[in-house]
Amino acid sequence: MINPPPSGGLAVNLAGIAMKNPVMSASGTFGYGQEFARILDLNLMGAIVVKGISPRPASGNSTPRMVETPAGLINAIGLQNPGCDTFIAEYLPFLRQFQTPTIVNIWGTTLADYAEIAGRFEGVPGVHGLELNISCPNIKAGGMAFGIQPDMARQAIKAARRATRLPLIVKLPPHLFSIAEFARLAEDNGADALSITNSLPAMAVDIEQRRPILANITGGLTGPAIHPVALKLVWDAAKAVKIPIIGMGGIVSAREALAFILAGATAVAVGTASFTDSPR
């Protein structure tokens, strides 16, 4: 059982999830916490958001699937994961030992998948919230399709909402015709909070080999390069909804985190900076 955070100070309440501070990991960048526990006390974090989980195991995309770019990183991992059963049996027990809430990023390729995976975590000890990924640009089925089409987004959110009473955080993509409209859509259909934003569709070319570097050809751009874009999206969404927002995109120091808070975010998530040799 997570202890209530101390009053005042950095403590925040994110849609019912009590966090000792507003800093959390960004899904897909922190694995399931085990590797980072060797270099960081996970009890210091506000929340741990684990890599995306689907109803059944997924092998992800072929390699190479990551490439560094100026001020950023392009990845096309493809949401590789061990599946729900293996995560609960083999990875979740490790996370339960920490006094830090665990939020599980969930995804599917069909509406039935979204309902199934949300329902599978209902009542599971150690799970304090779900982050609904309807915005991944790196998989060929589902993912982004649910995030950029209003009716599909609405159906996916409703399917998950009906299946769980856990706090439901909807992760929105960056390239929408109106982030405010999609934020309101998510709020109206059961979202308790929003994650803004996911990676931007991108690619890199090896000019010597005259071919794309990534096996998937395209991937998602993250890191400092997208911070101004993400900041604008959080600003627009915060003016449109009453539910809390997790700001993410290019946080490498306290300055970027504070910028998100000032733009309207309740909490922030750090991703690409976790891979740098010497973060500021």
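The values are calculated or read from the model by the stated rules, or taken from the named source; none is laboratory data. These numbers come from a predicted model, not from an experiment. Glycine also receives a Cβ, built like all others from the backbone with ideal geometry; neighbour counts cover every protein chain displayed.
One residue stands out in the range 25-44 among those that are within 22 Å of G249 (Cβ to Cβ) and of a type in the set (S, T, Y): the one that is surrounded by the fewest Cβ atoms within 10 Å (Cβ to Cβ), namely T29. Considering (1) of a type in the set (K, R); (2) in a loop (DSSP other than H, G, I, E, B); (3) modelled with pLDDT under 95, the lone condition that R165 does not fulfil carries the number (3). Scan the range 33-53 and give yes if some residue there is more than 30 Å from D206 (Cα to Cα) and in contact with a Cys (Cβ under 8 Å, 6 or more places away or on another chain), otherwise no. Within the range 33-53, one or more residues are more than 30 Å from D206 (Cα to Cα) and in contact with a Cys (Cβ under 8 Å, 6 or more places away or on another chain). Could you tell me whether the range 211-226 includes any residue that is surrounded by fewer than 16 Cβ atoms within 10 Å (Cβ to Cβ) and either within 17 Å of the chain's Cα centre (by Cα) or of a type in the set (V, I, T) (or both)? So far as the range 211-226 goes, yes, one or more of its residues are surrounded by fewer than 16 Cβ atoms within 10 Å (Cβ to Cβ) and either within 17 Å of the chain's Cα centre (by Cα) or of a type in the set (V, I, T) (or both).
Scanning the range 96-136 for residues that are within 15 Å of M19 (Cα to Cα) and small (G, A, S), we see that the one that is surrounded by the fewest Cβ atoms within 10 Å (Cβ to Cβ) is G126.
Residues checked against (1) of a type in the set (S, T, N, Q); (2) touching a residue at least 12 places away in the same chain (Cβ under 8 Å); (3) under 21 Å from S195 (Cβ atoms); (4) in contact with a Leu (Cβ under 7 Å, 6 or more places away or on another chain):
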{"residue": "L95", "(1), (2), (3), (4)": "no, yes, yes, no"}
{"residue": "T102", "(1), (2), (3), (4)": "yes, yes, yes, yes"}
{"residue": "W107", "(1), (2), (3), (4)": "no, yes, yes, yes"}
{"residue": "D113", "(1), (2), (3), (4)": "no, yes, yes, no"}
{"residue": "P125", "(1), (2), (3), (4)": "no, yes, no, no"}
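The strands (runs of 3 or more DSSP E) located wholly in the range 11-99 that include 1 or more residues which are in contact with a His (Cβ under 6 Å, 6 or more places away or on another chain) occupy 17-19.
Residue under question is S54, and the condition is that it be touching a Phe, Trp or Tyr at 6+ places or on another chain (Cβ under 8 Å) and among the small types (G, A, S); does it hold? It is true that S54 is touching a Phe, Trp or Tyr at 6+ places or on another chain (Cβ under 8 Å) and among the small types (G, A, S). Of all residues in the range 55-71, which are touching a helix residue (DSSP H, G or I) at 6+ places or on another chain (Cβ under 6 Å) and on the phi < 0 side of the Ramachandran plot? The answer is P55, and nothing else.
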